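Each remark here refers to the structure printed beneath this line.
The values are calculated or read from the model by the stated rules, or taken from the named source; none is laboratory data. The shown structure was predicted, so the numbers you read here are calculated from the model rather than taken from an experiment. Methodologically, a virtual Cβ is constructed for each residue, glycine included, from the backbone with ideal geometry; neighbour enumeration extends over all protein chains shown. Only protein heavy atoms, including side chains, enter the accessible area calculation; ligands, DNA and RNA are left aside. Shrake-Rupley method; radii C 1.70, N 1.55, O 1.52, S 1.80 Å.
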Amino acid sequence: MRIDHWKFLLGASVLLVLAGCATSDEWATWKEHPTHFASGDHFFFSTRNKEGGTPRVTRQDIALARDQGWWGKPITVGQEAILER
Amino acid sequence: MDISRPAHRIAQTFRRGLAAVVLVTLAMAAPGPTLAAPADDSVLPPEQHTSEKGKRLAARYAPALHDLSAKVYHCMPWVEVKRNGIGFYKPKHLDGDLRYLSINLYIDQQPSPEFAAYTIEERASRMFSRYVGPMVRRMSEAPGLMADPSLDGFTVILEWLKQAAATPSGRPVHETIAVFMDRATAGDYLAGRLPARELAARARVLGWDGETAVGPLRLTSWDDDFVATYKVSNYQLAPGVSCP
């Protein structure tokens, strides 16, 4: 009986590992988009708004997206080149 | 051989790991804190202005400047007031302690092939027409401001994404225009004596491509109701906030 428990646990672990593995296509897609989630907040937004549903966009989502630089740090002129305090 | 003890330990570890995963998932799925107001750093504090004139103006109109920041934050969610973007700044190209009420905005829009095909003057003219008139109107709403002899004019800085990063590790490039308008010009426009189509010709406009100055730009302008009519799809206004 005890050995059956051991076998069951081993089998369940193998199934769990296999279920969590990406296919080669999924890996290829992920490699094309290496910055999948830039932060936990980005992850939160993406999980809250599932594909196919009506997205819900709050001002906080927009502010966080910019603050965390989802799209990268831009090349731009600084305000100090235009104005003096 | 008794394997029940190691199996028990593995099962216990597995249960603990599973519990941790569930807890982390629940924590990430829980609603985050709500921002009822923009970050306080959008308005330059009075004491950080470098002249007494600038400090006096900033202190006198501080509540109105914070209201302006909040209105842009909630009612124009595709627009960001940059850090210390609102204040009574001195335009660098002008001599003397001339204090212009200034706002520095980033316009969040995706670059389209049609928009990119325009010349910089054509892109800048479109952004000018969309934003400069409406922003000057909002900025002038501070009670008593337009009658204040210390106010010398208005500056509206507009920045937008010119092109996305070419590679995943690259950086996007922004375009920027800075529009300077003396008080008389702004007053004529606000009073309806100066039509929107003549506003760009009366203002001084400087441009930048990324970090590179492209110098003065000659723009055309027209009436554009974009700011009044554009809505971000599925945008939910924060509770207790209303927009005109």
(request) Return a yes/no flag: does the stretch B:125-142 have any residue that is in contact with a strand residue (DSSP E or B) (Cβ under 8 Å, 6 or more places away or on another chain), surrounded by fewer than 21 Cβ atoms within 10 Å (Cβ to Cβ) and within 14 Å of chain A (Cβ to nearest Cβ). (result) no
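Going by what's in this entry, would B:Gly170 be described as in contact with an Asp or Glu (Cβ under 9 Å, 6 or more places away or on another chain) and within 20 Å of B:Pro111 (Cα to Cα)?
Values: in contact with an Asp or Glu (Cβ under 9 Å, 6 or more places away or on another chain): no; within 20 Å of B:Pro111 (Cα to Cα): yes.
It is false that B:Gly170 is in contact with an Asp or Glu (Cβ under 9 Å, 6 or more places away or on another chain) and within 20 Å of B:Pro111 (Cα to Cα).
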(request) May I ask you to list the residues in the stretch B:187-236 that are modelled with pLDDT of 95 or more and hydroxyl-bearing (Ser, Thr, Tyr)? (result) B:Tyr189, B:Thr212, B:Thr220, B:Ser221
(request) Kindly provide the set of residues from the stretch B:191-244 that are open to solvent by less than 70 Å² (accessible area, probe 1.4 Å), assigned to a loop (DSSP other than H, G, I, E, B), within 29 Å of B:Asp67 (Cα to Cα) and within 11 Å of another protein chain (Cβ to nearest Cβ), ordered by number. (result) B:Val232, B:Asn234, B:Ala238, B:Val241
(request) Pull up the stretch B:38-97, narrow it to residues that are among the charged types (D, E, K, R) and buried (at least 21 other Cβ atoms within 10 Å of the Cβ), then point me to the one that is modelled with the lowest pLDDT. (result) B:Glu80
(request) Select from the stretch B:149-190 the residues that are away from chain A (no Cβ under 11 Å), farther than 17 Å from B:Ser221 by Cβ, open to solvent by less than 60 Å² (accessible area, probe 1.4 Å) and among the aliphatic types (A, V, I, L, M) and list them in ascending order. (result) B:Leu151
(message) If I filter the stretch B:99-117 for residues that are closer than 14 Å to B:Gly210 by Cα and among the acidic types (Asp, Glu), do I get at least one hit?
(response) no
